[in-house]
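The values are calculated or read from the model by the stated rules, or taken from the named source; none is laboratory data. From a predicted model like this one, the values you see are computed outputs, not experimental measurements. No Cβ is skipped: glycine too gets one built from the backbone with ideal geometry, and neighbour counts run over all protein chains shown.
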Amino acid sequence: MEAARFVATVFVCAAGLWPLAEAQTGAPFTYQGQTFVMDDFAVLFDTSLLGRERTRLFTAYLSNSQEGKARVAKAGSSDAQIVWKSMTVDERATFLSVTKALDVLQPIKGPLSWLDRIEEIHGDKSFATGREWDPNQAFRLWARMTPDGIAAVRKQIPLRNACKNQPASWNGDSVNHPDFCASGGFEFDRKTDKDPLPNVQFNITTASACADIDLDYERGLAHFSRSNSDVLAGDHSVKFRNKFCDFGVRRFP
Amino acid sequence: MCRVMIAAFVVLTAVYGDAQQPAALARADQFFASLERALRDSPDVLPYVADSTPVLATILRKEPRTAKAWQLEPALAITLTDRELRDYVVTRANLALVCGLEVMRRFPLPTITRQQVEELNPRQIYAPAAAAAGLDQDCVTLDSRPQQRAWITDRPQLNTWLQMPFSASQAKTTFARRGSEQGNAQIESNLAYLRSVAGSAQFDTEVAAVAGLPPDAVVVGSVINLMAYARLDRPSPQLLLVTPLSW
């Protein structure tokens, strides 16, 4: 009798939770042979600090940037959720992983507050032309930073990884990326701790406040592969979670 | 009148300076291209940085990102002699070059995977002893094993590198023998890919500042799988330092 009651209770609970689980996680999708699930828009853009920052950046991106406006036009709606769903999974995963990493790396307020606005969200291919991005232009955000943000990155201010509850240092050296603002000026490059990967990389042009922000998942020669900054490729999503916690996309099942 | 003349002088100086910059960068690109050809045939950076040793050491001590690029703790870097710093960089750079070219002769970099590098394991060909010192199979970075930082933090660790039984001349001989076997077209393709993505030479005002040089005296560009810093305020450009290429 007790056993039957237990089974019934489990069944009722499971049946009750199922719609909730459905509502929070989208349908599984396959990317380069791996299956993932991505949280729903309502979860990703919720009322948490990260959710509010994502909402601020994404709505401003749709209203103000050339690419965002083009996406609104193509989606036939200015509703952020509709436009979000019209984006490719790799574009969405790039936005989610970069914003999550910046949220986790905290001084007092997370480096997300260093972003004034996003200009472009890059997956594997250009939204405007449909062509593959060059490897150093794929899987990243092109954004404008606040003056405080630029100063903080230049000075390499102490950070803390809130996911691991550990200090996070700055590290390394790399060539500057092309200045996407094409306005000249001084460019500099900074990377966060690479041990372990992934690190966050900022390429900044001070005069225009343009920043190219991506995550590097590979070291050595594998760093030069196209998928170096692709959070959905290989074991990158696992590496991301191990360093920066859940970003809203998980391997499935 | 005086103010007008001063303003005109400032404007003319700026215009002249702007006109000089593209020429300087073009000169740097030529230098890096010739250096790439030379290092491809003979992967040893020592002859090119030998005369720059004091500046190389100054940059590594004063610009932490360059020491960190070779996974050398900046606090340790400031305690090392010029010669120690140079020898450490040369050993690491030469290993990165020979192993990098070995990988590049076999696999296209745009689609390369960690597994391919690990299976080829060029470290085993050129510097098996470096495995014990934590060098990855591709000879570019130190690996980060659990509970162990991929970082040179003390002198005993550094001494392991300075005493590494890696011979640049032996590696060159091995490389030259293997270089004649196959893969030249693949290397050409990979080098073109790296050059196209890494882009042209750029001024590095931060490195120039720590080296005590004018802002437009130091340029950085890609050379095979390395980033090369060179000074331009000499009749011929001079290599100052190399770090692993990254973007």
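The residue that is farthest from the other protein chains (Cβ to nearest Cβ), among those in region B:194-247 that are among the aromatic types (F, W, Y) and crowded, with 23+ Cβ neighbours inside 10 Å, is B:Y229. Please specify each residue of region B:76-88 satisfying the condition of being of a type in the set (G, A, S) and either at pLDDT below 95 or touching a strand residue (DSSP E or B) at 6+ places or on another chain (Cβ under 6 Å) (or both). Within region B:76-88, none qualify. What is the residue count in region B:116-139 for residues that are at pLDDT below 90, within 9 Å of chain A (Cβ to nearest Cβ) and over 18 Å from B:W70 (Cβ atoms)? Looking only at that region, the number is 0. Counted as qualifying within region A:158-205 are the strands (runs of 3 or more DSSP E) with 3 or more residues that are at pLDDT below 85 and under 30 Å from B:D216 (Cα atoms), namely A:187-192. Considering only residues of region A:124-144 that are of a type outside the set (D, E) and within 14 Å of chain B (Cβ to nearest Cβ), which is surrounded by the fewest Cβ atoms within 10 Å (Cβ to Cβ)? Applying the filter and picking the extreme gives A:W133.
Scanning region B:1-37 for residues being at pLDDT 95 or above and either in contact with a Phe, Trp or Tyr (Cβ under 8 Å, 6 or more places away or on another chain) or among the β-branched types (V, I, T) (or both) gives a total of 1. State yes or no: is B:I112 over 20 Å from the mean Cα position of the chain (by Cα), more than 26 Å from B:D51 (Cβ to Cβ), aliphatic (A, V, I, L, M) and buried (at least 23 other Cβ atoms within 10 Å of the Cβ)? Criteria met by B:I112.
Remark: A:A222 falls outside the filter, which requires a residue to be among the small types (G, A, S) and closer than 13 Å to A:V98 by Cα. Restricting attention to region B:214-235, the residues that are touching a residue at least 24 places away in the same chain (Cβ under 8 Å) and part of a loop (DSSP other than H, G, I, E, B) add up to 4.
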